[in-house]
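The values are calculated or read from the model by the stated rules, or taken from the named source; none is laboratory data. As the structure is a prediction and not an experimental result, all values here were calculated from the model. With ideal geometry, Cβ positions are generated from the backbone for all residues, glycine too; neighbour counts draw on all protein chains shown. The protein model used for the area step is the full one, side chains on, heavy atoms only, and it has no ligands, DNA or RNA in it. Shrake-Rupley method; radii C 1.70, N 1.55, O 1.52, S 1.80 Å.
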Amino acid sequence: MAHVIAVANQKGGVGKTTTSVNLGAALATAGKRVLLVDIDAQGNATSGTGIQKSAIEKDIYDVLVNEVPLAETILASTHEGMDVVPATIQLSGAEIELAPQMAREMRLKDALDTVRDQYDYIIVDNPPSLGVITINAFTAADSILIPVQSEYYALEGLGQLLNTVKLVQRHFNTDLKIEGVLLTMFDARTNLGQEVNSEVRTYFGDQVYKTIIPRNVRLSEAPAHGLAITDYDPSSRGAEVYTALAKEVLAAHGDY
Ligand code: ADP
Ligand code: MG
């Protein structure tokens, strides 16, 4: 049965999509069956894994709002062993359209349950908000992976995020856990990076991954080619660190 990991932080540009795509690909390279679920209307995880707009007939919007079977939306990514449920700009209306609907918080969970036995890991790439779409992800997930950008105010907003986790634990998903906290876009040349590193470790303790994701230009180039970093430039620092992160995640699940 797949372990469902929601990659979330309501701040934009902190590395959620980069982490979802490249952790997913690295887990697939390790032999795991991976499904990457894009629930951001920007569709960056969709295009970043080589899914062409013209190939998308139904997307996650149809699953969440019209209850189309999830299996009908699944496409193959450019990375072997990783499938994708795509998102398109259509999803931007979903927050409002779901508001009056029955059991709206459970839509993603119910959909993922239908394919859970076909994958080892399901990675959900979240939008930069804490609305009903993210609540769906937290309700469906076993755990949450939080990327934190090594920048000023890195911890700002994390209180809100953790409050949302508590809310979902109370009402919809008692077993929801924190998978881990990941430092991203780290620049070792600055004191700031080190300060944020120690600040985040003081706050989250051993929930912070040993692996730190540095700034690496190859990571920012890969999405335009529709490729995971391990396919775009296997010898890059970016490929190395996301492979190391996947090892930590596998080890945490006793899944070497
Ligand atoms: P989010 O999904 O949280 O909005 P992204 O993963 O899309 O964040 O990252 C924001 C931008 O930063 C993207 O252009 C991405 O390519 C780039 N980026 C992400 N991680 C790195 C990194 N480690 N090094 C360099 N660029 C990165
Ligand atoms: Mg994103």
Open item on the list: Condition (residue is within 16 Å of ligand 2 (Cβ to nearest atom), part of a helix (DSSP H, G or I), open to solvent by 50 Å² or more (accessible area, probe 1.4 Å) and touching a residue at least 24 places away in the same chain (Cβ under 8 Å)) applied to segment 114-132: is it met by at least one residue?
Closed with: no
TODO: Scan segment 170-184 for residues that are surrounded by fewer than 15 Cβ atoms within 10 Å (Cβ to Cβ), not in a strand (DSSP E or B) and not basic (Lys, Arg) and report the count.
DONE: 3
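Results for (1) under 20 Å from Thr230 (Cα atoms); (2) within 16 Å of ligand 1 (Cβ to nearest atom); (3) at pLDDT below 95, shown as yes or no for each residue.
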position	(1), (2), (3)
Asn22	yes, yes, no
Gln42	no, yes, no
Glu57	no, no, no
Ile60	no, yes, no
Glu80	yes, no, no
Gly93	no, no, yes
Leu98	no, no, yes
Leu108	no, no, no
Asp113	no, no, no
Task: Top-ranked residue in segment 24-40 [being open to solvent by 10 Å² or more (accessible area, probe 1.4 Å) and either near ligand 1 (Cβ under 8 Å from one of its atoms) or not aliphatic (A, V, I, L, M) (or both); ranked as nearest to Val165 (Cα to Cα)] - done: Asp40
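Looking at Ile213, Ile229, can you tell me which residue is within 16 Å of ligand 2 (Cβ to nearest atom), β-branched (Val, Ile, Thr) and under 24 Å from Leu158 (Cβ atoms)?
Only one candidate qualifies: Ile213.
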- [ ] Restrict the check to segment 56-74 and report whether at least one residue is near ligand 2 (Cβ under 10 Å from one of its atoms), open to solvent by 50 Å² or more (accessible area, probe 1.4 Å) and more than 19 Å from Arg215 (Cα to Cα).
- [x] no
Task: Test set (1) more than 16 Å from ligand 2 (Cβ to nearest atom); (2) touching a Leu at 6+ places or on another chain (Cβ under 6 Å); (3) assigned to a strand (DSSP E or B); (4) hydrophobic (A, V, I, L, M, F, W, C) - Leu35 fails condition number - done: (2)
- [ ] Evaluate the following for Gln10: is it in a loop (DSSP other than H, G, I, E, B), open to solvent by 20 Å² or more (accessible area, probe 1.4 Å), modelled with pLDDT under 95 and over 19 Å from Leu219 (Cα atoms)?
- [x] no
TODO: Could you list all residues from segment 86-105 that are more than 13 Å from Ile133 (Cβ to Cβ) and within 19 Å of the chain's Cα centre (by Cα)?
DONE: Pro86, Thr88, Ile89
- [ ] Find all pairs meeting these conditions: Cβ atoms under 7 angstrom apart; at least six residues apart or on different chains; first residue within segment 33-44 and within 17 Å of Lys109 (Cβ to Cβ); second residue part of a loop (DSSP other than H, G, I, E, B) and within 9 Å of ligand 2 (Cβ to nearest atom).
- [x] Ile39/Asn126; Ile39/Pro127
- [ ] Select from segment 44-55 the residues that are within 16 Å of ligand 1 (Cβ to nearest atom) and part of a helix (DSSP H, G or I) and write down the one among them that is farthest from the chain's Cα centre (by Cα).
- [x] Ser47
TODO: Give Ser220, Ser150, Ser198 a once-over and let me know the one that is more than 26 Å from Gly81 (Cβ to Cβ) and either in contact with a Phe, Trp or Tyr (Cβ under 7 Å, 6 or more places away or on another chain) or within 16 Å of ligand 2 (Cβ to nearest atom) (or both).
DONE: Ser150
- [ ] For Leu155, work out the one condition from (1) within 30 Å of Leu75 (Cα to Cα); (2) more than 16 Å from ligand 2 (Cβ to nearest atom); (3) of a type outside the set (Val, Ile, Thr) it doesn't fulfil.
- [x] (1)
- [ ] With respect to Asp83, determine if the residue is without any contact (Cβ under 8 Å) to a residue 60 or more places away in the chain and in contact with a Phe, Trp or Tyr (Cβ under 9 Å, 6 or more places away or on another chain).
- [x] yes
